[in-house]
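Peer 1: So that we are looking at the same thing, I have put the structure below in structure tokens.
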Amino acid sequence: MKILIVGTGYVGTTTGLIFCEMGHQVTGLDLDETKIKALEAGKLHFYEPGLEDLLIKHIAAKNISFTKKTKKAVKENDVIFICVGTPQGTDGSADLTFVKNVAESIGKNMDNYKVIVTKSTVPVGTAELVTKWISESQKDKIPFDVVSNPEFLREGSAVLDALNPDRIVIGTTSEKARGIMRDLYKDFHCPIVETNPRASEMIKYAANSFLALKISYINELARLCNRLQINVNDVSKAIGLDHRIGPHFLNAGLGYGGSCFPKDVSALIQIARQIGRPMSILESAAKVNKEQTDYFIEKIKQALGGNLQSKTIAVLGVAFKANTDDTREAPSLVIIKQLLEEKVNLRVHDPIVKLASGQFPTVAETVTGADAVVLCTDWDDYKTLDWASLKPLMNQSYIFDGRNMIDKSLVESLGFNYLGVANH
Ligand code: NAD
């Protein structure tokens with residue numbers, strides 16, 4: 001099957017290459033010429049483990065090509081996946097501008113039957129809007145079907161996730177489109193949930209919001225544990241062993257970030273408010289998440305005597321989580337902003353994220369002369385740091401572990417003052 005992927009970002013590039021692995025012919029379309037040029041040259045314009053190898057493999061095998069030319073790409077392909085961004089709008093709901101632009105360009109340029117698949121995360125009712133936008137842009141009435149097929153991959157493990165999904169959701173009212181989608185996914189060994197577009201769109205928001213709830217639950221519990229001098233890690237480990245609860249998304253830390261959870265929770269909150277059925281549980285989860293970085297900054301201030309001005313602080317980790325270069329809505333950015341407002345001398349390190357300076361300082365360079373280290377991202381590199389050799393480089397030996405990821409007793413035995421998130 002000839003597949004067009006519109007939007008060659010994290011989701012689009014991964015989806016396209018996974019379809020190549022399944023034997024399909026793929027074209028990647030993006031309006032951003034630098035991204036297209038990089039991809040054509042076998043270079044990813046973002047960091048995702050294992051994905052560049054697939055890119056090189058499928059370019060060499062001529063299974064994938066990239067283009068900026070919408071008209072030709074739409075005409076030549078049978079199934080069109082919309083993988084563009086759906087950022088948070090000013091009122092908190094999802095901004096569908098990019099999706100609308102794509103739908104209109106499909107309508108203008110299609111000259112035979114197409115299946116148009118929305119992989120972007122979109123509000124309930126978007127399939128109906130996409131249908132309307134395409135119809136209104138067509139010169140002649142050419143048949144098409146719209147399918148909702150949300151994506152559940154995680155940055156940092158996108159290749160594995162997309163190759164081995166927990167489930168595939170196909171939302172359509174068209175038998176013909178359902179058959180084509182089944183065929184497209186026939187080599188995947190996971191449950192396929194077939195439903196209508198509205199339920200499919202809701203499934204994606206419901207899943208991300210539930211995971212965000214879990215994170216906010218453990219973070220608020222951590223604040224309580226902190227006051228009660230209880231180690232929240234022991235609590236999350238024990239409750240996570242209950243198979244009804246499960247161990248994932250139960251690590252107390254700086255709160256959720258990234259390009260999905262904050263905007264998807266916000267979008268579902270807006271959907272609920274707009275129809276007069278506010279979801280107070282989600283509104284609370286979002287509030288708890290916002291407060292979590294304030295809580296941690298407060299802990300840092302208290303530990304360092306209340307005033308951070310002129311203190312030298314080394315922030316380790318900018319990415320919103322390990323194994324990605326994505327910094328969208330990263331808690332580290334909130335921490336960095338607040339530290340700068342406190343007028344600290346700031347040092348920043350990340351193994352992958354390119355800093356504004358364009359430099360990649362080492363951890364040793366970053367912590368030299370620092371009064372404190374603040375760990376913001378759970379990179380493996382930071383779990384295995386040689387703290388004994390870093391300590392003599394520092395001015396004062398405070399470690400603030402925003403991810404509860406390093407061995408407290410080890411660093412305390414080396415003479416560090418350690419503070420995690422209710423990690424007593
Ligand atoms: P992204 O910003 O990395 O990529 C989007 C791409 O679309 C960009 O390269 C942009 O240039 C391109 N684009 C915008 N308008 C276009 C147009 N008219 N024609 C062609 N290309 C256009 O975004 P992403 O992280 O890949 O996310 C895409 C969607 O998938 C979002 O709705 C997101 O919520 C959802 N999603 C993301 C993830 C994730 O982990 N990143 C996971 C699941 C779902």
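The values are calculated or read from the model by the stated rules, or taken from the named source; none is laboratory data. Computed from a predicted structure; not experimentally measured. Ideal geometry is used to build each Cβ from the backbone, glycine not excepted, and the neighbour counts take in all protein chains shown. Surface areas here come from the heavy atoms of the whole protein model, side chains and all, with no ligands, DNA or RNA. Shrake-Rupley method; radii C 1.70, N 1.55, O 1.52, S 1.80 Å.
Peer 1: Just to make sure I understand: if all protein chains stay in place, what is the order of 205, 47 by accessible area at 1.4 Å, largest first?
Peer 2: 47, 205
Peer 1: Now for a different question. Considering only C-alpha atoms, what is the centroid distance from the stretch 44-107 to the stretch 295-324, in Å?
Peer 2: 37 Å
Peer 1: Can you give the charge dipole size of the stretch 209-419 about its Cα centre, rounded to the nearest 20 debye, using +1 on the beta carbon of Lys and Arg and -1 on the beta carbon of Asp and Glu?
Peer 2: Its charge dipole is roughly 540 debye.
Peer 1: Which value, in debye to the nearest 20, gives the size of the charge dipole of the chain about its Cα centre, when Lys and Arg are +1 and Asp and Glu are -1 at the Cβ?
Peer 2: Using Cβ point charges on Lys, Arg, Asp and Glu, the chain gives about 740 debye.
Peer 1: Counting pairs of alpha carbon atoms under 8 Å apart in space and at least six apart in sequence, what relative contact order in percent does the stretch 300-345 give?
Peer 2: Relative contact order comes out at 44 percent.
Peer 1: Which helices of the chain meet both criteria: a Cα extent of 20 Å or more along the helical axis and a mean Kyte-Doolittle score no lower than -1.0, with helices taken as whole DSSP H segments?
Peer 2: Helices passing the filter in the chain: 197-227, 280-303.
Peer 1: Then there is this: Hey, if you put +1 on the Cβ of every Lys and Arg and -1 on every Asp and Glu Cβ in the stretch 2-195, which of 134, 18, 163 ends up farthest toward the positive end of that dipole?
Peer 2: After comparing all options, I get 134.
Peer 1: So what are the radius of gyration and Dmax for the Cα set of the stretch 134-199, in Å?
Peer 2: When restricted to the Cα atoms of the stretch 134-199, Rg and Dmax are 14.3, 43 Å.
Peer 1: Still on this structure: What whole-number value in Å² describes the accessible area per residue of the stretch 148-261 for a 1.4 Å probe?
Peer 2: Numbers: 5660 Å² over 114 residues.
Here the per-residue accessible area is 50 Å².
Peer 1: Assuming a viscosity of 1.567 mPa s and a temperature of 4 °C, what translational diffusion coefficient in µm² per second does Stokes-Einstein assign to the stretch 108-243, Rh being the Kirkwood radius over Cα pairs?
Peer 2: The Stokes-Einstein estimate is 73 µm²/s.
Peer 1: Pick out, in residue order, every one of the trypsin sites (Lys or Arg not before Pro) in the stretch 16-57 that is DSSP loop and has at most 13 other C-beta atoms within 10 Å; say none if there are none.
Peer 2: For trypsin sites (Lys or Arg not before Pro) across the stretch 16-57 that sit outside H, G, I, E and B with at most 13 neighbouring Cβ atoms in 10 Å, the list reads 43.
Peer 1: On the accessible surface of the chain, probed at 1.4 Å, how many percent belong to carbon and sulfur atoms?
Peer 2: 53 percent
Peer 1: In Å, what Rg and Dmax follow from the Cα atoms of the chain?
Peer 2: Gyration radius and largest Cα-Cα distance of the chain: 23.4, 75 Å.
Peer 1: Sequence-distant or interchain residues sharing an amide H contact under 5 Å with residue 117, placed H: which?
Peer 2: 80, 81, 82, 147
Peer 1: Given the DSSP H assignment, sum -39500 (n - 2.57) over each helix run of at least 4 residues in the chain and divide by its residue total; what's the result at 222 nm in deg cm²/dmol, nearest 500?
Peer 2: -13500 deg cm²/dmol, from helical runs alone.
Peer 1: Find which of 256, 225, 284 sits farthest along the positive direction of the dipole of the stretch 209-419, computed with +1 on the beta-carbon of Lys and Arg, -1 on that of Asp and Glu, about the Cα centre.
Peer 2: Value: 284.
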